[in-house]
Amino acid sequence: MKTHMRVTVLAASLADVPFLSLTTEKLKSQVIIFVIGGPGSGKGTQCERLAAKYNFQHLGVGNLLRAEAGRPTGQGRQIKDIMLKGALVPLGFVLDLLNDSLLKGEEAKGFLIDGFPRELNQAKEFERVVGRPPNIVIVLDCSTETMIQRLLLRGQTGHRADDHEVGIRQRLETHYSLCEPVLTYYQHKNLLRNILGEEPEDAIFTKCCSVIDSLP
Ligand code: AP5
C-alpha cells in the first residue's frame, strides 16, 4: 500500500510555500543521485547518457521548469521571468514539481536529479521530506571560462532563451553565491564525488560511470 500523500501546491503567486507533498516509501529503495555544477558544466549532457545506461530516470529541474514556464498562465510567466533573470525559482514550487516527477517515475530503478539542490535549503528540505539524503552527489567542476564558452556557443543556435551574455553572467552569479554551503553540507556527509567537467564528454561519462558503479 502506498503511504505517500500528495498535496499539490498551486500558489497563485510564486512566493515560497512550505513543501507539503510527501513522497516516501518507494524512494527508500531507489537510488537517488544529484548531479550539480555551474551552468554549462555538462549536467544535462551527462545525465542523459547515464540515464540511458543505468535505466534511471533523468529529472532535469531546469527542463521541468522550462515546461512550466511555457504555459500561458500567470504562473508560467512568473517562472519564465525568474529563469530569464538567472535567479532561482522559489523552493516550494521546485520541490512540488520534483515530487510530481518522482511519483511518476515509480517504476524507475533510480533517479538522476540534475540541477538540484542549488541552495542549502533545497538540500535540507528534500531530506526532511524524503527522509534521507541522496546516495551520492556528483559535482562537475568546470572553469568559468569553459562554462561561458560552451553556453555562448549553444546560444548561437537560439536553443535556450537564457544563453546570452547577461543571462549567463547572472546564472553564474547565482551559482557562485549559493553553491558553497551545498558542497560543504554534502562533503561533511561524505557524499560528494567531484569530477573534472573540462574534459571531453566521453571521458567525463566514464568517470561518472565509475562513481555510480562503486555504489554499494
Ligand atoms: P538549467 O536548465 O539547469 O540550466 P543551468 O544550470 O544554467 O545549466 P545548463 O542546462 O545550461 O548546463 P548544464 O550544466 O546542464 O550543461 P549541458 O549539458 O546543458 O536551469 C535553468 C534555470 O532554471 C536556472 O537558471 C533557474 O532559474 C532555474 N532552476 C533550475 N534548477 C533550479 C532549482 N533547483 N531551484 C530553483 N531554480 C532552478 O551543456 C551545456 C553545453 O555544453 C551544451 O551545448 C553541451 O553540448 C556542451 N557540453 C557539455 N559537456 C561538454 C563537454 N564535456 N565538452 C564540450 N562541450 C560540452
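Tabulated results
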item	result
Selected residue (criterion: farthest from the ligand (Cβ to nearest atom)) from residues of the range 55-81 that are within 24 Å of ASP141 (Cβ to Cβ) and open to solvent by 30 Å² or more (accessible area, probe 1.4 Å)	HIS58
Complete set of residues in the range 196-209 that are assigned to a helix (DSSP H, G or I), open to solvent by less than 70 Å² (accessible area, probe 1.4 Å) and either among the small types (Gly, Ala, Ser) or in contact with a strand residue (DSSP E or B) (Cβ under 9 Å, 6 or more places away or on another chain) (or both)	ALA203, ILE204, CYS208
Residue count, the range 102-126 (criterion: over 12 Å from the mean Cα position of the chain (by Cα) and open to solvent by 10 Å² or more (accessible area, probe 1.4 Å))	10
Test: PRO90 is touching a residue at least 40 places away in the same chain (Cβ under 8 Å), near the ligand (Cβ under 10 Å from one of its atoms) and surrounded by fewer than 20 Cβ atoms within 10 Å (Cβ to Cβ)	yes
Answer residue from the range 167-195, given it is touching a Gly at 6+ places or on another chain (Cβ under 8 Å) and β-branched (Val, Ile, Thr) and is surrounded by the fewest Cβ atoms within 10 Å (Cβ to Cβ) among those	THR174
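The values are calculated or read from the model by the stated rules, or taken from the named source; none is laboratory data. As the structure is a computational prediction, the values presented were derived from the model and not from experiment. Neighbour counts are summed over all protein chains in view; Cβ atoms, including those assigned to glycine, are modelled from backbone coordinates with ideal geometry. Heads up: the accessible areas ignore ligands, DNA and RNA and are worked out on the full protein's heavy atoms, side chains in. Shrake-Rupley method; radii C 1.70, N 1.55, O 1.52, S 1.80 Å.
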